[in-house]
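Before any comments, here is the structure.
Readers should treat all values here as calculations from the given coordinates under stated rules, not as data from a laboratory. Quick caveat, the model's predicted, so the values are computed rather than measured. Heads up, the Cβs are rebuilt from the backbone with ideal geometry, glycines too, and the neighbour counts pull from every protein chain shown.
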Amino acid sequence: MSEDIKGKIRKFIVDNYLKRLQDNQLKDNDSFLEQGIIDSIGVIELTNFIQKAFRIEIEVSEIIPDNFDTLNNLERYITKKLRKDAK
């Protein structure tokens with residue numbers, strides 16, 4: 001399941017933000033913000049994508065780097081949300 005989560009997010013980011021770069025190899029720990037991969041508008045787009053793709057609700061207070069700045073952080077966050085919603 002976790003690779004499926006990472007795979008969907010990786011594809012979305014590469015297709016929408018890295019397609020014009022030569023090296024679109026997005027590593028699991030690459031910081032989206034520090035490396036300029038996504039900006040504030042990109043965070044909104046990514047949030048909308050995640051809500052639709054994984055059918056979860058994301059609170060504004062949850063949109064923080066600890067949850068959203070890398071593929072690993074997003075995988076951990078989404079997995080936690082899915083488990084919580086399943087209860």
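Key figures
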| quantity | calculated |
| --- | --- |
| The chain: calculated mean residue ellipticity at 222 nm from DSSP helix runs of at least 4, using -39500 (n - 2.57) | -16500 deg cm²/dmol |
| Cα lying deepest toward the dipole's positive end in the chain, options Tyr17, Ile41, Thr79, charges on Cβ | Thr79 |
| Pairwise Lys count, the chain - Cα closer than 13 Å, eight or more residues apart or different chains | 4 |
| Angle between the chain longest axis and helix 2-13 axis [Cα atoms, degrees, rounded to 10] | 50 degrees |
| Label point distance in nm, Glu34-Ala53, each placed 7 Å from Cα along Cα→Cβ | 2.2 nm |
| Difference of contour (0.36 nm per residue) and Cα-Cα distance, Ile64 to Val14 | 15.9 nm |
| Per-residue Cβ neighbour rank within 10 angstrom, fewest leading, Ser40, Ser31 | Ser40, Ser31 |
| Acute angle (nearest 10 degrees) that the helix 40-54 long axis makes with the longest principal axis of the chain, alpha-carbon atoms | 50 degrees |
